[in-house]
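Q: My questions will all concern the structure given below.
No value in this document is a laboratory result; all are computed from the given coordinates. A quick note: this is a predicted structure, and the numbers were derived from the prediction, not measured. Backbone-built Cβ (ideal geometry, glycine too); neighbour counts: all protein chains shown.
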Amino acid sequence: MKNIAYLANYQGDDLIRQRKIDRNRALAGTQKIATVSSLLAAAGCSVSVFSLGAVAERSGRLYPAFESRLPGAAAIPVFYQPEWDIPVLGRIRGVAGLVRSLFKAHRQNPIDAVLMYNCGLPEVVAAWLLTVIRSVPIVLEYEDDVSAGPDGRKSWRQYFHSFGLRILERRLKGVVAVSPELRARFALENGYVLRGVLSGDLAAVEPLREQALPQRLMYAGSLQSSKGVDKLCEAFDAMKLPGCDLHVAGQGPLLEGLRARFGPNPRITFHGFVTREQLIDLFGKASILVNPHQVAGEVGAVFPFKLIEYIGTGRPVISTPMAPLPDPLSRGVLYSKSDSVADLAEAIEHVHGNYSLWCEQAGVSRQAAWQTYGPETVSSALLRVFDRAIGEQKRDPLL
């Protein structure tokens with residue numbers, strides 16, 4: 001049984017309650033971390049999640065470390081680090097806590113491999129020390145391009161992430177990337193392109209039945225400027241499609257502004273944060289799912305995990321330009337020409353006007369998604385990456 005330390009920005013419900021996290025809420029990332037952890041645990045691995053539990057509210061408050069559990073039968077432990085809600089100084093405190101927590105866990109039960117979610121500098125420092133001192137192999141789960149932020153610009157965060165990647169790159173023993181474009185940036189034979197994961201609860205979303213016209217569009221995810229939800233709302237508001245409404249599920253810094261701007265419109269509903277059970281219910285009631293992500297930088301540098309989840313529900317999907325998906329996975333997905341309001345509206349109108357055809361194609365995509373990114377397929381592929389990483393580390397422990 002492999003013992004895997006998962007260094008990731010997991011934000012469980014208890015962390016949200018205790019530390020009042022809002023500005024840096026990461027809904028999609030948290031769901032992804034929980035899903036991957038559960039898959040590995042179901043495959044026989046012992047998984048522990050180490051999260052900074054970072055806060056960005058600028059309150060100046062000190063928070064103690066605490067231990068929690070991921071929801072579900074596996075009871076996967078989550079170790080949240082001490083936090084000081086002050087920029088830079090808080091991260092320094094978090095690094096110290098993360099290193100201490102990681103090495104304590106290794107002493108109690110030797111860690112076979114580290115799975116690191118993206119290239120945050122605190123996680124890089126902890127993983128680098130563990131591999132240098134204890135020869136533990138590192139597998140990088142590479143979701144966001146470190147060279148640019150969600151808006152295509154390079155901020156101080158990207159400089160830190162780029163620095164972290166340079167530190168870690170020559171010691172990596174495997175990479176799990178969300179697109180072939182990101183996978184190609186690493187000269188590693190041991191790699192896997194993981195565009196998404198379909199957790200078992202999504203199987204409860206029944207395929208679409210006969211329906212004359214779509215009735216409900218839906219977006220699910222974080223509400224921040226890079227997600228393009230404001231443009232989606234603007235496009236939908238201007239279209240006046242008869243009998244249609246738009247449901248937005250998620251939380252983030254744009255929520256109150258969107259409610260103030262579009263809230264009086266009875267055709268647009270903002271649910272705010274929803275539980276996983278509520279999200280599954282909303283998926284079942286949706287007719288079309290929309291991913292209005294802001295286009296920035298090179299196509300393929302970012303690929304949201306939720307796009308595969310959308311496809312797995314069997315609903316037609318509208319998305320702004322993303323890395324191309326292979327056929328038949330792409331059958332039920334229509335990419336808009338750009339992320340502009342006009343092009344989003346055009347894409348919505350096209351799917352709305354040809355809904356029966358798009359429903360048929362969405363059914364084909366759904367079947368392909370479950371075959372390619374279902375729980376058993378993904379867990380087997382991840383285990384192969386870890387086996388190769390551990391084997392390579394044993395052959396060459398000094399690198």
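Q: Lysines within cross-link reach of Lys104: Cα-Cα under 25 Å, excluding same-chain residues under 8 positions apart?
A: Lys2, Lys173, Lys394
Q: Sticking with this structure for a sec: Would you please put 190-202, 372-384 in order of how densely packed they are, using the mean number of other Cβ atoms within 10 angstrom per residue and starting with the highest?
A: Ranked from most to least packed, the peptides come out as 190-202, 372-384.
Q: Here is a further query. Once both axes come from the Cα atoms, what is the angle between helix 121-134 and the longest principal axis of the chain, in degrees from 0 to 90, rounded to 10?
A: In the chain, helix 121-134 runs at an angle near 40 degrees to the longest axis.
Q: Additional query: Take the alpha carbon gyration tensor of the stretch 200-373, find the square roots of its eigenvalues, order them as a ≥ b ≥ c, and report rounded if a/c is under 1.5; if not, report prolate when a/b exceeds b/c, else oblate.
A: rounded
Q: Take every DSSP beta bridge with both residues inside the chain and express the antiparallel ones as a percent of the total, to the nearest 5.
A: Of all bridge pairs located within the chain, approximately 15 percent are antiparallel.
Q: A further question follows. Using the Cα centre of the stretch 200-373 as the reference point, and only Cβ charges (+1 on K/R, -1 on D/E), how large is the resulting charge dipole? Debye, rounded to the nearest 20. Intermediate values should be presented prior to the final figure.
A: Values: 15 positive and 18 negative charges, 36 e Å.
For this selection, approximately 180 debye.
Q: Which of Val88, Tyr6, Val47 sits farthest toward the positive end of the charge dipole of the stretch 1-113, with +1 on the Cβ of Lys and Arg and -1 on the Cβ of Asp and Glu?
A: Ranked along the dipole, the leading option is Val88.
Q: Which of the peptides 114-127, 343-356, 308-321 is most tightly packed, and how do the rest follow, going by the mean number of other Cβ atoms within 10 Å of each residue?
A: Details: 114-127: 24.1, 343-356: 17.9, 308-321: 25.8.
Those peptides, ordered most packed to least, come out 308-321, 114-127, 343-356.
Q: List the lysines whose Cα lies under 19 Å from the Cα of Lys227, skipping any in the same chain that are fewer than 8 positions away.
A: The qualifying lysines are Lys32, Lys154, Lys306, Lys337.
Q: On to the next question. Leaving out same-chain residues fewer than 8 places away, which aspartates and glutamates sit with a Cα under 20 Å from that of Lys20?
A: Lys20 reaches Glu57, Glu67, Glu83, Asp85, Glu256.
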